[in-house]
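In what follows, a single structure is set out as structure tokens and then discussed.
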Amino acid sequence: MDSGPVDGAPHGEGQYDAPQARPESPPDERLDAPRQSGFRSASKRRSDATDEHTITSGDEAHGSRSRHPSFSSESAGSYHDEPTFVRVGATAEELAGEVNVDEATIHLTEDMSRVVDGPLPDIGKRPHRMYKFTLYETNARYWITGADVRDKSFRLLRIDRTSPPGQIAIFEDETVYDRRQMNEVLASIDEGNLATGGLRLKYNFWGLLGFIRFTEAYYMLVITKRQQVAMIGGHYVYQVEGTELVSLSTGSSSRFARDRNPEEIRFLSILANLDLSKHFYFSYAYDITHSLQHNIIRQREAVNEGRHQAEPDFNAMFVWNSHLLRPASAALKHPFDWCLPIIHGFIDQAVLDIFGRSVYITIIGRRSRFFAGARFLKRGINDLGYVANDVETEQIVAEKLTTSFHAPGSRLYANPTYTSYVHNRGSIPLYWAQDNSGVTPKPAIDINLNDPFYQPAALHFDNLFERYGCPVYVLNLIKARERTPRESKLLNQFDDCVKYLNQSLPTESKIIYKAFDMSRASKTRGGDVIRSLEIIAEETLNLTGFFHNGGTESAEPQVQNGVVRTNCIDCLDRTNAAQFVIGKRAFALQLRALGVFDRDEIDYDTDAVNMFTHMFHDHGDTIAVQYGGSHLVNTMATYRKLNHWQSSSRDMVESFKRYYHNSFLDNQRQEAYNLFLGNYVWVQGQPMLWDLSTDYYLHHSNPREWLERSRRSYIYWFTPEFLEPRRMPPLLLNHSKETAEDETVADYDEYWLECYRPAALSSLMKVYSYRLNSDISRFLPDRPHPKDGRFDFSPFKVRLDPHRLSVDSPDKKPQRKGVKIVDPQDEQPGTPLLASEDGHRPAAHDEKHGILREPTFERSDAPIEMGEKWPRPADKAQMHLWSLNQFRAQSLHPSVSDTESREYERYITHPLNLPLVVSSDLPSDANIDYVEYVHKVSGSEFDEYDEDGSFGGGVGEQDMQHFWEFTGEKVDPLTVTEDDLAKKRYKAYNQWLRGKSLFKQSKVDPEYRPGS
């Protein structure tokens, strides 16, 4: 879908006038990363160092000013990168505190231990939420200023550039300044550093992603370009379009540059293999790491407790820069005011116009950072319970009657026009792998470890219960029957795993397992894959439901309990098709809940389904490229059997691209994942990343630590609290009435300022909502149907695609045509042909058309109305220059030229001009040469044969002798003379007529027989 324009760096003209008089830093002191990156926070625990930091003389001068940054012991912190490895999974014993666990790997929250004593402040009320940032530098410091959406409130952050290797010192000023005060502070910093060049503007940027270290100094990763891709509840969601990596050393002349580790450059080149400008997303005010249902429930709970907003609590499973956020989380009180969590996957939004009512469709795909990697390098599950290619897909359908999540009046987070549905995909949770070292496109599957208690699978399903509740519906789409067992090896193993885990679960919470060989069903004659999946979709939605916000008597809210977990062998092609069918069913129910649709199912080939298909196809292509290296090979058109003439060649190209990426490029991509996600941390004396023969130990826990941890019960492997159903918190209207006099919606949610930006001047074409609504007609047909001339603007009207070969719906089996060979003599010429009013011939109900009369096209003699456009006949002499559209137009509306009409008229009238009486007189227009030839061969002109005569009676004896000599065979057939060339050619042609080869005429031919 069409997204907003790409935003460059924030415009800084007229901002902070005093320090801008200084020249900018030289370009050679800036380390520009090639817009690429990606990473994961993993099983590493960081220890906070003491807040020991001294301010150099260059920055002491600003302390005498009336306005200066108030850096306190609570707002300053340093971070020491100590690679001690701990368990990242969360068992019941670990959550209870029996085993030390890194909470940052479960939830990303602000550390409240650094908050001063006393009552907890209202963390949610953040009038200083920052949207634009500016980076200044001195010889010893980096200064970052952050501004709110109105450019009226500012904050300051200081980063030390002289920290020892492996450490970073960050200082946060909690004071909120206005523009005048901010200029005074920056002017004081500039005056205090006049001896070393003053304060210099480096550049403006949109957000800070965190800090990363390889071998020496830290680097700071910032967002320099962004693009609007969605708007949810008045909050924009952006895609990262450009990043830069800024070194926190003192410049090219420092000791860090002179004594730089020679491996540093190689680490930077590995990190450059991951492009951060593709499919990484962030939002300033909306938590895109959680589903809409989770966000609404948490915000309602916060409002009911008297807080303006819920404290930041991001799902660390989907925060891909979690490793980079650790230094900021350890040093800052409010790290998420400065650093932005990002997700990796897919986000797209489109608007569906239903007779003036705009319905926004948003699809969000969140990839897990745990056990992340390339296709053949990451299969199955690790011992921590994380599966490969774990993707959470959410579809949000909302009617834009109002922008925010709030209902009219004082009902916060109760807008009934928001619905969502979530489903999940992931690899089969067993220990299995594939060796891609050979040249086989589909390597054999190896089940390398059998766990009789299925402990990793138990951790995985317990995590699903925690995230989605129960029931969990497992849809397994792998093959059940194969000539050479490959996928089918995992079928029985997965079935046994679910059966074992279900033994301990309560009856109402058992895992529902459904195996469906989708590949075999699509290749079986008469098999209807789509219809089978629609039955499964209806069953699953009856079990899980979907989320519908509300809070009044007219719109009672409902929540989704449980999830559908879909998998095939790669979780790409078949999984995306199955999720589309399930999502299409949920899409119809969501529209019905909004009151814009009155059925439980939407037909295919409608504008609504075409738009939804296009978005889901892009979603599947994006996930396939990220995991497999190529786009989807089998799309919905394949399973609906709408094969286009280019589909075979497209599938072949995508298969080759996938094979090429898996064979040659996946190792480089996996190294970038491991480095950026924090799976690998450089330690002096340890092997380098490129020297590791395998990354197995980077994605699994340390076996030595299993002896020190309490073992989870094999029977009670689940957490009972996770099995409880989700419920929507009630809306406390009384509390809202008490605070309505002093507070407004803006105190709880800044959606109005973020969405509409009342102080900003922008053109209409740059407004995201306008660009999105201007594209609503892309799926509508170009013109009305030629029969009725009317146009039905309903997006639920079936419109056949002109490129589709068959007009039958996917769930309707084609009827076999009755064929009857009609003898022309059986037709009675005396039977008159009845004509209907419009000139068509009426066909009887029991009439079976002949083989030469197909009822596909019927010619109508009815006059053409003046309003209809009739295509002008094209010049057939230029047929070799026609385009495909011209061939199509001329085929649907054939034309006959005057020359062709005269020729056809002469052809049909010629038999009528023949004489009915045969005589011996030659016609006046007879060909004399032909008559002489006939007379020479047969002896007479038109005489009949004699009774004892034979054909060829007029042939002389000399001609017959030459004929027999020509057809005769000599004694030595292999000797070819000049006179025998024609004879040899005749013999070869004679053998070819009998089925022999033209190139096997010698004695070495096994079919050669003398005398033949």
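The values are calculated or read from the model by the stated rules, or taken from the named source; none is laboratory data. Remember, predicted model here, so these are calculated numbers, not experimental data. Note that each Cβ is placed from the backbone with ideal geometry, even for glycine, and that neighbours are counted across all protein chains shown. Ligands, DNA and RNA are excluded from the accessible area calculation, which covers all protein heavy atoms including side chains. Shrake-Rupley method; radii C 1.70, N 1.55, O 1.52, S 1.80 Å.
General remarks:
- Whether the stretch 239-365 is rounded, prolate or oblate, judged on the alpha carbon gyration tensor where a/c under 1.5 counts as rounded: oblate
- Probe 1.4 Å, accessible area per residue of the stretch 501-655, Å²: 37 Å²
- ³J(HN,Hα) computed for each position of the stretch 493-506 - Karplus, 6.51 cos²θ - 1.76 cosθ + 1.60, integer Hz, glycine/proline x: 5, 5, 5, 5, 4, 5, 4, 5, 5, 6, 5, 9, 7, x
- Percent accessible area from carbon and sulfur atoms, the stretch 238-374, protein chains only, probe 1.4 Å: 45 percent
- Sorted on the mean count of surrounding Cβ atoms within 10 Å across their residues, most packed first, peptides 329-339, 574-584 read 574-584, 329-339.
- Shape call, the stretch 134-284: gyration tensor on alpha carbons, a/c limit 1.5: oblate
- Rounded to whole Hz, the Karplus (6.51, -1.76, 1.60) HN-Hα couplings of the stretch 284-292, x for glycine and proline: 6, 10, 10, 7, 7, 7, 10, 6, 4
- Per-peptide average of other Cβ atoms within 10 Å, ordering 757-766, 483-492 highest first: 483-492, 757-766
- Summing +1 for each Lys or Arg and -1 for each Asp or Glu among the other residues whose beta-carbon sits under 14 angstrom from that of GLU392 gives +2.
- Distance (nanometres) between label positions extended 7 Å along Cα→Cβ at PHE963 and GLU539: 7.9 nm
- Amide H contacts under 5 Å for SER358: LYS400, restricted to partners 5 or more places along the chain or on a different chain, H placed in the peptide plane at 1.01 Å from N.
- Relative contact order for the stretch 135-214, counting Cα pairs under 8 Å that sit 6 or more residues apart, in percent: 31 percent
- The alpha carbon gyration tensor of the stretch 307-413 gives principal lengths a ≥ b ≥ c with a/c of 1.5 or higher and a/b no greater than b/c, which makes the shape oblate.
- Karplus 3J(HN,Hα) series, Hz, for the stretch 375-385 with 6.51 cos²θ - 1.76 cosθ + 1.60 (x for Gly, Pro): 4, 7, 8, 10, 10, x, 9, 9, 6, 9, x
- Ranked by how many other beta carbons lie within 10 Å on average, peptides 707-714, 386-393, 677-684 from highest: 386-393, 677-684, 707-714
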